[in-house]
Amino acid sequence: MTYQEALKQGEMFLKENEVEDAKTDAWLLLAMICGIDRNFYYLHMQEEIQGEQKEAYENVLKRRASHIPLQHITGEQEFMGLSFLVNEDVLIPRQDTEILVEEALKRTKPGMRILDLCTGSGCIIISILKNRPDLYGTASDISAAALRVAEKNAKRNQAVPVFVQGDLFEPIKGTFDIIVSNPPYIPTAEIETLMPEVKEHEPRLALDGKEDGLVFYKRMIEEGYSYLNPGGYLMFEIGYDQGEEVSARMEQAGYQGVKVIKDLAGLDRVVIGGKHV
């Protein structure tokens, strides 16, 4: 079997098993197993694939066909141009979350203290510190397993946030100039409607925003004000239909200049509010 035939069969197999992006995933798995890039493939596509590589490729295709996320098979995900380790203990970093990082970076000044709540893989705080090594970062998560992944990612990307374990602000000391969070925000009843890659393989703890999906926003809005320095910002990633509710709650709690930022698809994605100077 040639590289080209293996790739074609892999794509067909994933399509038959209703994998959403079968073409891309078939290629990425072949590239991983054979250690090749596109240039190598196009130069050698008619050559025979080695027997052990063919077998290994078939094995990973079967795993992907059972709707194990691609990133759990490859073990990593790119985010903000950096590579992050991922497993079943953390949410897979998503491109939409880059908007939260970009909005935070727009508001940074040297020496600022940044807090990331519900840090998961650590992708938000690590990306901020990689772009601005003149900042001080703290990140918390209730999950010890998630923090182990975040700590590995910090070393991998040579960033040095302080990680603490606990429920939102519970382990936090001091005040901050920017507080960021991508908390669990999916209403409990909706989790069962998600694609199997998410509902069966990503941590329920990082998805479940309880009955209305807003429980963590309510707590962070209420508790966060006292952890912000004057002139500081609280900013969240939100679900596409939560912008109005979350921004209204921030305004009611006294945050100023509250605004909703849309993602590339034109959907509400980030809410930002400031503490008066």
Angstrom value of the Kirkwood radius, inverse mean 1/r, which spans all Cα pairs in the range 14-148: 17.2
Can you classify the range 209-266 as rounded, prolate or oblate using the Cα gyration tensor, where a ≥ b ≥ c are the square roots of its eigenvalues, rounded means a/c under 1.5, and otherwise it's prolate if a/b beats b/c and oblate if not? oblate
Step through the table entries LYS173/LYS275; LYS130/LYS173; LYS106/LYS275; LYS152/LYS218, compare each Cα-Cα distance with 25 Å, and write down the pairs that go over it. LYS152/LYS218
Tally of Lys pairs whose C-alpha atoms are under 14 Å apart, taken over the range 3-66, 8 or more apart or cross-chain: 5
Once exposed loop trypsin sites (Lys or Arg not before Pro) are cut out (DSSP; at most 14 other Cβ, 10 Å), longest piece of the chain: 1-93
Give the longest segment of the chain that steers clear of GluC sites (Glu not before Pro) in DSSP loops with at most 15 neighbouring Cβ atoms within 10 Å, not counting the sites themselves. 89-199
Between the range 214-277 and the range 168-200, the Cα center-to-center distance that results, in Å: 14
Tell me the volume per residue, in Å³, of the convex hull enclosing the alpha carbons of the range 128-234. 118
Please compute the Kirkwood hydrodynamic radius over the chain, one decimal place, Å, based on all pairs of different Cα atoms. 20.1
When we measure straight from the Cα of LYS259, which aspartates and glutamates land under 13 angstrom away, once same-chain ones fewer than 8 places off are left out? GLU103, GLU237, GLU244, GLU245, GLU251, ASP268
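Every read-out reported here was derived from the displayed coordinates using simple, explicitly stated rules and does not represent laboratory data. The model shown is predicted, which means the values in this text are computed figures rather than measured ones. With ideal geometry, Cβ positions are generated from the backbone for all residues, glycine too; neighbour counts draw on all protein chains shown.
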